[in-house]
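Read-outs: derived from the displayed coordinates by stated rules, not from any lab. Just so you know, these numbers come straight off a predicted model, no measurement behind them. Note that we place each Cβ from the backbone using ideal geometry, even for glycine, and neighbour counts take in every protein chain shown.
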Amino acid sequence: MSTEDAEVDAVVVGAGFSGLYMLVRLRELGLRAVVVERGDDVGGTWYWNRYPGARCDIESLDYCYSFSPDLLREWVWSERYATQPEILRYLNHVADRFDLRRDIRFSTRVEAARFDEQNSTWTVSMSDGTSLRARFCVMAVGNLSEPKRPDIPGFTSFAGETYHTALWPREGVDFTGKRVGVIGTGSSGIQAIPRIAEQAEALFVFQRTPNYSMPARNTPLEPGYVADVVAGYEGRRRMARESDAGVPFPAAQQATFEVSDEERERRYEEGWARGGINSLSYAFNDFFTDEEANQAAQEFARRKISEIVRDPETAASLSPAHHIGTKRTCVDTDYFQTYNRDNVTLVDLRKQPIEAITEGGIRTRDRDYSLDCLVFAVGFDAMTGALRAIDITGCGGRTLTEAWEEGPRTYLGLAVAGFPNMFLVTGPGSPGVLSNMVVSIEQHVDWIADCLRHLQEHGLDRIEATEAGQDAWVAYVNGLADATLYPEAASWYVGANIPGKPRVFMPYVNGCGNYRRECDEVARNDYQGFTLTTADRVGTSA
Ligand code: FAD
Ligand code: N01
């Protein structure tokens, strides 16, 4: 039951990178906006994921906002890849510096959002029993914010301590003297495992699918170097915006087999020595599209694993077989080296599957592992999970869950037909998760803000993606993906990690730069593919 029905111009759900910047832009437009956040502070990803070893895998100098030159100059990143605490401090600084907190309702979950077709407004209902009415609703809920519940029999019977990497206790965890089990070897597990191994008496890593991981080559940043980068930042960021992955590195011009074997090896080695997520993917331009080219990079990565890991059987278990890059490539500090430690055991679940979690630990087909603590690094219901967790009802009483029964359908990853005045930040159908997300977030938020300005200037107050525009976009995005190796992997990009989730490849693969141009063109063409109206429905642009 609603105790309040306050009216604002816009409700933003989520106070991570997306929601904070959206609030800045909405205020600039003179709109009254409220951000609703279920956590008790800002930060989003960086508020929740406090596991040991958590840090960004895009360089700090690029994984940050660019909208304020003053902010850029003030904040001095201390490492090539900032730790979770440093990124969280940064986002707190942003919230304070731009005085954002006064418009954020913390510790409040948005439970439902219903569109009223008569008034073209959204009613947003929250966990504290209150509701807000707003013309516009911006879903800044995150792509990786709905933690996956472990789907293993006996999950609740374990008597020891359990942790999920995405719900890590604020006070931290001391594993000293403990027998620890980690389930999951995606990016979270691969970052946490080396740090937990340093503390635990014994660490057992339960691995179902091995992953490729590139060395981070993390290093402290000299303040002088940071100042130099910031001085030339505009050019650096422009390059990132126009690139495929939102990073300021030139795209490769040559294909894998256009060069000699020696030259190919040299480029892979150069990438490996430089480190970072694009170590191999930026060496040649056919990495994601040509099976043999991808195979060459895979073989290089597997060889590196076998050179680092001393026990050949463990090295073989750690060697992935999928096309490299088609599941998000991990970035690590000493991940493979960790398996050379005496206190670390890899349990290959392809050889001995888990039968159950028991009171005392984990029982696989072959034996019982007695454990004090269990860490679930099992990931997220990615891209659609946080949206579907909200009961969103659009035109004609149709819910988003119904509209997306066979997988998400959006226009530009920004809007959904049948859900007027609702915007998604880096939604499915956009390149967000395949990119430096802050670059994509800024682009989306800027596009939404410019769109709202356009509505203001033209006396319009309702915008809705057309079914035809959305159908064409979905077909286009699917076609792009089908020309690559991406859809073949059982990744969270296709929803394969969540039992029962429709298997649809969700991101846009044609790169941030191309996508930005396409979004800008839509806006320039009077928001082609959208219908723009006033409350009494005039002024369409189909
Ligand atoms: P989020 O940061 O996820 O914020 C969304 C917020 O919405 C959350 O605080 C959540 O509590 C809130 N919310 C959701 N639903 C509701 C609701 N119903 N009611 C109220 N509040 C709600 N990307 C990169 O580009 N580079 C990286 O190096 C990188 N590292 C990452 C490391 C980790 C551990 C993880 C999990 C992700 C990483 N990502 C990275 C992706 C990262 O999610 C994005 O870069 C970025 O932080 C997303 O910001 P956001 O504001 O869109 O979403
Ligand atoms: O989650 P994941 P994540 N039994 O889904 C395993 C970003 N991120 O949290 O592959 C056994 O990748 C699962 O095994 P399998 C980044 O975008 C970035 O690690 O399904 N195992 C897999 O090994 C990333 O891609 C950083 O066979 C089970 C693991 O759990 C995204 O977030 C850091 C299982 C889940 O891997 C998600 O990463 C962290 C089961 N029942 C996150 N269920 C950076 O470095 C799941 N698994 C910046």
Rounded to the nearest 10, the angle in degrees between the Cα long axis of helix 437-457 and the longest principal axis of the Cα atoms of the chain comes to 0
Per residue of region 15-26, in order, report the coupling 6.51 cos²θ - 1.76 cosθ + 1.60 (Karplus, θ = phi - 60°) as ³J(HN,Hα) in whole Hz, putting x for Gly and Pro.
10, x, 3, 5, x, 5, 5, 4, 4, 4, 5, 5
Sum of -39500 (n - 2.57) over DSSP H runs of 4+, divided by residues of the chain (222 nm, nearest 500)
-9000 deg cm²/dmol
Give, in nm to one decimal, the length gained when the segment between Gln254 and Asp99 is fully stretched (0.36 nm per residue of separation minus the Cα-Cα distance).
51.0 nm
Between region 134-181 and region 360-389, what is the C-alpha centre distance in whole Å?
9
Other residues with Cβ under 14 Å from the Cβ of Thr410 give, with Lys and Arg +1 and Asp and Glu -1, a net charge of -3
Using amide H atoms built 1.01 Å from N in the peptide plane, name the residues 5+ places from Ala82, or on other chains, whose amide H lies under 5 Å from its own.
Cys56, Ser60
What whole-number distance in Å separates the alpha-carbon centres of region 229-254 and region 291-345?
29
Starting at the first residue of region 103-119, write each ³J(HN,Hα) from the Karplus equation 6.51 cos²θ - 1.76 cosθ + 1.60 with θ = phi - 60°, in whole Hz, x for Gly and Pro.
10, 10, 9, 8, 6, 9, 9, 7, 9, 8, 9, 10, 8, 9, 5, 5, 9
Sorting His322, His93 on the 10 Å Cβ count, fewest up front, what's the list?
His93, His322
With contacts defined as alpha carbon pairs under 8 Å and 6 or more residues apart, what's the relative contact order of the chain in percent?
19
Taking every other residue with Cβ under 11 Å from the Cβ of Phe376 and scoring Lys and Arg +1, Asp and Glu -1, one gets +1
How high is the relative contact order of region 418-464, in percent, counting Cα pairs under 8 Å that sit 6 or more residues apart?
51
Among the lysines, which have Cα under 30 Å from the Cα of Lys148 when same-chain residues fewer than 8 positions away are ignored?
Lys178, Lys327, Lys351, Lys501
Least to most buried among Ser213, Ser243, by other C-beta atoms within 10 Å and fewest first, runs Ser243, Ser213
